[in-house]
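Data block below; observations after.
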Amino acid sequence: MSTQTTATPAPIPYLVEEPGAGRVEIFPLPTDEATLLQLLKDLFEGAWDRIVFGTLIQGAVYEIQLTEPPRRISLLDGYATVDLGAWHFHVCIGENKGLPHRPTSPALAAHRRTHRAELARMLRPDGTPRSWQVRLFNGQNENQMTVFLPHPFLDPGEVITETPDWSRLDLWDDLRRRYLGLEPDPLDRTGHGNPCGGG
């Protein structure tokens, strides 16, 4: 992972109640193109073998795990491309102008671009964490990408364990420190039980 510090004064986290997810603590991230590109590089170049990612919407969850690092991560016309060889994906993180003969309208450009980026901590009813994520949303609040960060109760291969490995929270701690200037939170070490359960 990059050693570059991109932390800005940390915005105040806030709690929301999300249908199907319950209470979620949101830590807003900057949404400028340079910061989001660095975030994608940190995740997909520096932690590609430790993350699960995809789109998370009501009725569908794509959970993708990589078997090798990306060949490259590039930026063109506002779109970051993560090239994985046999396949790739694009995420609009900056200004999308379109082609000279077919420019992108301002409304469509605003719809496509990441409008909201955040670290998200899913909470159980007792207030303890059950999942740690990075989430990107476009200008219409549609989920562009959710990255599920390593979980202390999940072994590689998504096997649930009874004994936590708190070192798996290192990526979460590092992202909080570098992007928000926040130190590790003891609350994160109070998680317990099945990560998919709400109780």
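Scanning the range 76-90 for residues that are more than 15 Å from the chain's Cα centre (by Cα), surrounded by 16 or more Cβ atoms within 10 Å (Cβ to Cβ) and aliphatic (A, V, I, L, M) yields a single hit, LEU84.
Counting only residues that are surrounded by 19 or more Cβ atoms within 10 Å (Cβ to Cβ) and either modelled with pLDDT under 95 or not charged (D, E, K, R) (or both), the range 154-194 holds 8 of them. Could we say that GLY157 is touching a residue at least 12 places away in the same chain (Cβ under 8 Å) and small (Gly, Ala, Ser) here? So GLY157 does not fit the description; no.
Scanning the range 43-58 finds no residues that are surrounded by 12 or more Cβ atoms within 10 Å (Cβ to Cβ), at pLDDT 95 or above, over 25 Å from LEU180 (Cβ atoms) and under 18 Å from the mean Cα position of the chain (by Cα). One residue alone among ILE93, ILE73 is in contact (Cβ under 8 Å) with a residue 60 or more places away in the chain and either surrounded by 12 or more Cβ atoms within 10 Å (Cβ to Cβ) or touching a strand residue (DSSP E or B) at 6+ places or on another chain (Cβ under 9 Å) (or both), and that residue is ILE93.
Name the one entry in ALA109, ALA117 that is surrounded by 21 or more Cβ atoms within 10 Å (Cβ to Cβ) and of a type in the set (Gly, Ala, Ser). Criteria check complete, one pass: ALA117.
Condition check ((1) among the hydrophobic types (A, V, I, L, M, F, W, C); (2) farther than 21 Å from PHE137 by Cβ; (3) touching a residue at least 24 places away in the same chain (Cβ under 8 Å)) across all residues:
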residue: ASP42; (1), (2), (3): no, no, yes
residue: GLU45; (1), (2), (3): no, yes, yes
residue: ASP49; (1), (2), (3): no, yes, no
residue: GLY54; (1), (2), (3): no, no, yes
residue: GLY59; (1), (2), (3): no, no, no
residue: GLU68; (1), (2), (3): no, yes, no
residue: ASP83; (1), (2), (3): no, yes, no
residue: LEU99; (1), (2), (3): yes, yes, no
residue: SER105; (1), (2), (3): no, no, no
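Looking only at the range 121-132, count how many residues are surrounded by fewer than 21 Cβ atoms within 10 Å (Cβ to Cβ) and either under 30 Å from ASN96 (Cβ atoms) or basic (Lys, Arg) (or both). Number of matching residues: 1. Scoring ALA117 on the criteria (1) small (Gly, Ala, Ser); (2) closer than 16 Å to LYS41 by Cα; (3) in contact with an Asp or Glu (Cβ under 7 Å, 6 or more places away or on another chain) leaves a single failure, condition (3).
The values are calculated or read from the model by the stated rules, or taken from the named source; none is laboratory data. Everything numeric here is computed off the predicted structure, so don't read it as measured data. Quick reminder, even Gly has a Cβ in these numbers, built from the backbone with ideal geometry, and neighbours come from all protein chains shown.
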